[in-house]
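Structure record follows, encoded as structure tokens.
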Amino acid sequence: MKWVVGVTGASGLRLAHTFLNLLAENGSGVLDRLFLVVSKNAGKVAAAEGTDFDPARYADRFELLSPEDFSAPIASGSFA
């Protein structure tokens, strides 16, 4: 199973951080591929809210994708 997690600049960043940690710890065997897309504003919100959110922390478990990458696999209509 493939999952795509998108993190925006919304104030629910702490929830996203917790969810990503849960997936990273418990997703093996169930999830074949995990993709993570983080908006530029998410970093600004993280700083404003005082969280330690860093997308690079998840690089060993998620495929980190840029929100500007129109050639990313998740941007294709044939992604399944």
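The values are calculated or read from the model by the stated rules, or taken from the named source; none is laboratory data. Here the structure is a predicted model, which is why all the values come from computation and not from measurement. Counting neighbours? That spans all protein chains shown, and the Cβs are built from the backbone with ideal geometry, glycine included. Note: accessible area is taken over every heavy atom of the protein model, side chains too, but ligands, DNA and RNA are not part of it. Shrake-Rupley method; radii C 1.70, N 1.55, O 1.52, S 1.80 Å.
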Carbon and sulfur %, accessible surface of the chain computed with the full protein complex present, 1.4 Å: 56
With the 1.4 Å probe rolled over protein heavy atoms, the chain has an accessible area per residue in Å² of 62
Take the chain, connect every pair of alpha-carbon atoms lying under 10 Å apart with a spring to form a Gaussian network, then pick out the residue of F70, F53, F19 with the largest mean-square fluctuation. F70
Does the chain come out rounded, prolate or oblate, given a ≥ b ≥ c as the square roots of the eigenvalues of its C-alpha gyration tensor, rounded meaning a/c under 1.5 and, failing that, prolate meaning a/b above b/c? oblate
May I ask for the net charge around Y58, where only other residues with Cβ less than 14 Å from the Cβ of Y58 are counted and Lys, Arg are +1 while Asp, Glu are -1? -2
Label model pair E63, A75: point-to-point distance (7 angstrom along the Cα→beta-carbon line) in nm is 1.4
